[in-house]
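Notes to accompany the following structure.
The values are calculated or read from the model by the stated rules, or taken from the named source; none is laboratory data. On a predicted model such as this, the values are computed, not experimentally measured, just so you know. Cβ placement follows ideal geometry from the backbone for every residue including glycine, while neighbour counts extend to all protein chains displayed.
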Amino acid sequence: MNGLLTDLYELTMAAGYFEAGKTTERATFELAIRRLPPRRNFLLAAGLPQVVDYLLNLSFSSEEVAYLRGLPQFSNASAAFFDYLCHFRFTGDLFAVAEGTPLFAGEPFLTLRAPIIEAQIPETYLLSAVTFPTLVAGKAARCVAAAGGRPVIEFGTRRAHTAEAGVLAARAAYLGGCAGTSNSLAGFRYGIPVKGTAAHSWVMSFSNETESFRQLQRVFGDNTTQLIDTYDTVEGARRVAQLGRPIQGVRIDSGDSLALSRQVRAVLDAAGLPDTEIMVTGDLDEYRIRDLVAAGAPVDSFGVGTQLATSGDAPYLNATYKMVELNIGGINRFTTKLSEDKISLPGSKQVFRDSERDVLARSGECGRGEALLRPVLLGGRLIEPLPTLEDARCRAAESLARLPQPLRELEVAEPWPMVQSPELRALIDRTRRNLTP
């Protein structure tokens, strides 16, 4: 894992920590959700496998160290610092919320406890690795809820911000409840069901539409899904109906989805193809899906691309990675940030969740309900295999089903209750009183 995949200031601070003799100090950092995006009532934790992979493999090659040595920012750094980087490995602890867990504003996703340089360098990567899939997983859950039991397929790689982002978006969307993806690599890598047969270019490559349908049907048989809107959607449906079986479904990618789905359904039913499915794609999001379902559109499944793979309504997440404790020679110093609108709370924390609320408490407290932050790495080693993607998907579905119905709706609801434990409140007050800027 490339050690340079981080912001420069993580590395300049690392040099500063080293030269200041702080390498033995152990810091605790928390990655937490500061605010939910507008119109979102929850987030779904995702991205933990990428975090673990990063921490287990983080290192600097000799070429990378030579590059840093040549930067003017490091002109005063000692040779010992660069030797330190050559042997750098993560030896700390990671505590994290399981993938598929709903998260709310003010709650930590993960806690890192390690020698201060080892805890500081991962900041940039961890924020990136967590926030993007967490947003996509929550978006997927909203689309799936809006679909009312009809499958939603993730179709967004071509609109993702990079090809690899498309793979990670497909994984997060499946975790959030999508039934499959168009991304073949995601299917191979993660075992996600893959969907899709042909695009408009297939139809246009033949001299007539009927021949394109016939040839696709010949190759794919019962798995054939015909794209019928290249020229005229209803006429396309009629040509599909004339060919008859075998066929699985048709896809409508443009136009008035409600009106066209009704007309296409009538054509297919009249031709004795009542079990031929209709998929709708094309600029869908949870709101358009909800409206189609509410209007009784005869749609069997939805393909969501751009809005899902980019988390179009919330393309970034207001998350933070802040130091909350520093252990110097066995003595803990609790740290906090008091900047306006960017306050952080001192002390390593735990979240206890029951059927009524979350309690944000100090780490080590006993509380009622489930303790969400669990150990993942201790001493730089994975303590047990991570849950599978299927496990995370099941956890997401079960956890969401337990939330109050208003929180699962698309409109903004009253926030899930969260309170601070008395011990945490006392620590916050004591830390602020003792703060000496």
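Just one of the listed residues (Phe188, Phe206) is of a type in the set (Phe, Trp, Tyr), surrounded by 13 or more Cβ atoms within 10 Å (Cβ to Cβ), out of contact with any Lys or Arg (no Cβ under 8 Å at 6 or more places or on another chain) and without any contact (Cβ under 8 Å) to a residue 24 or more places away in the chain, namely Phe206. Restricting attention to the stretch 120-176 and to residues that are part of a helix (DSSP H, G or I) and among the aromatic types (Phe, Trp, Tyr), the residue that is surrounded by the most Cβ atoms within 10 Å (Cβ to Cβ) turns out to be Tyr174.
Of all the residues that make up the stretch 317-337, how many are closer than 25 Å to Ala96 by Cα and out of contact with any Phe, Trp or Tyr (no Cβ under 9 Å at 6 or more places or on another chain)? Spell out how you get there, then give the answer.
If we filter the stretch 317-337 for residues that are closer than 25 Å to Ala96 by Cα, which is where we start, we get 317-328, 330-337.
Filter once more, keeping what is out of contact with any Phe, Trp or Tyr (no Cβ under 9 Å at 6 or more places or on another chain): 318, 320, 327-328, 330-337.
Number satisfying all stated conditions: 12.
Which one of these is over 15 Å from Gly196 (Cα atoms), in a helix (DSSP H, G or I) and of a type in the set (Gly, Ala, Ser): Ala314, Ala266? Ala266 is the lone residue from the list that is over 15 Å from Gly196 (Cα atoms), in a helix (DSSP H, G or I) and of a type in the set (Gly, Ala, Ser).
Somewhere in the stretch 337-345, is a residue in contact (Cβ under 8 Å) with a residue 24 or more places away in the chain and on the phi > 0 side of the Ramachandran plot? The answer is no; no qualifying residue exists.
Of all residues in the stretch 213-232, none satisfies being more than 36 Å from the chain's Cα centre (by Cα), at positive phi, modelled with pLDDT of 95 or more and surrounded by fewer than 17 Cβ atoms within 10 Å (Cβ to Cβ).
Taking first residues from the stretch 51-71 that are within 19 Å of Phe109 (Cβ to Cβ) and partners that are surrounded by fewer than 17 Cβ atoms within 10 Å (Cβ to Cβ) and not hydrophobic (A, V, I, L, M, F, W, C), the Cβ contacts under 8 Å between residues at least 6 apart in sequence or on separate chains come to Leu55/Gly380; Leu56/Gly380; Leu58/Arg89.
Here Ser75 passes the criteria (1) under 30 Å from Val351 (Cβ atoms); (2) out of contact with any Leu (no Cβ under 8 Å at 6 or more places or on another chain) except the one numbered (1).
Of the residues Gly347, Gly367, which single one is among the small types (Gly, Ala, Ser), farther than 30 Å from Cys178 by Cβ and over 27 Å from the mean Cα position of the chain (by Cα)?
On inspection, the qualifying residue turns out to be Gly367.
Of the residues making up the stretch 334-350, those that are of a type outside the set (A, V, I, L, M) and exposed (fewer than 14 other Cβ atoms within 10 Å of the Cβ) are Lys337, Ser339, Glu340, Asp341, Lys342.
Here are some residues: Ala309, Ala266, Ala294. Which one is out of contact with any Cys (no Cβ under 8 Å at 6 or more places or on another chain) and either among the β-branched types (Val, Ile, Thr) or surrounded by 20 or more Cβ atoms within 10 Å (Cβ to Cβ) (or both)? Can you show your working first?
Numbers: Ala266 fails: either among the β-branched types (Val, Ile, Thr) or surrounded by 20 or more Cβ atoms within 10 Å (Cβ to Cβ) (or both); Ala294 fails: either among the β-branched types (Val, Ile, Thr) or surrounded by 20 or more Cβ atoms within 10 Å (Cβ to Cβ) (or both).
Just a single option satisfies the conditions, and that option is Ala309.
Of everything in the stretch 396-409 that is more than 15 Å from Val144 (Cα to Cα) and in contact (Cβ under 8 Å) with a residue 60 or more places away in the chain, the residue that is surrounded by the fewest Cβ atoms within 10 Å (Cβ to Cβ) is Pro406. Looking at the stretch 16-34, which of its residues are assigned to a strand (DSSP E or B) and either of a type in the set (Gly, Ala, Ser) or under 21 Å from the mean Cα position of the chain (by Cα) (or both)? Once the filter is applied, which keeps residues that are assigned to a strand (DSSP E or B) and either of a type in the set (Gly, Ala, Ser) or under 21 Å from the mean Cα position of the chain (by Cα) (or both), the stretch 16-34 yields Ala27, Phe29, Glu30, Leu31, Ala32, Ile33, Arg34. Counting just the residues of the stretch 305-335 that are of a type in the set (A, V, I, L, M, F, W, C) and under 16 Å from the mean Cα position of the chain (by Cα), which one comes out farthest from Gly156 (Cα to Cα)? Restricting to residues being of a type in the set (A, V, I, L, M, F, W, C) and under 16 Å from the mean Cα position of the chain (by Cα), the top hit is Ala319.
Name the residues in the stretch 40-96 that are of a type in the set (S, T, N, Q) and part of a helix (DSSP H, G or I), would you?
In the first step, residues of the stretch 40-96 are kept if they are of a type in the set (S, T, N, Q); the result is 41, 50, 57, 59, 61-62, 73, 75-76, 78, 91.
Passing the criteria: Gln50, Asn57, Ser62, Gln73.
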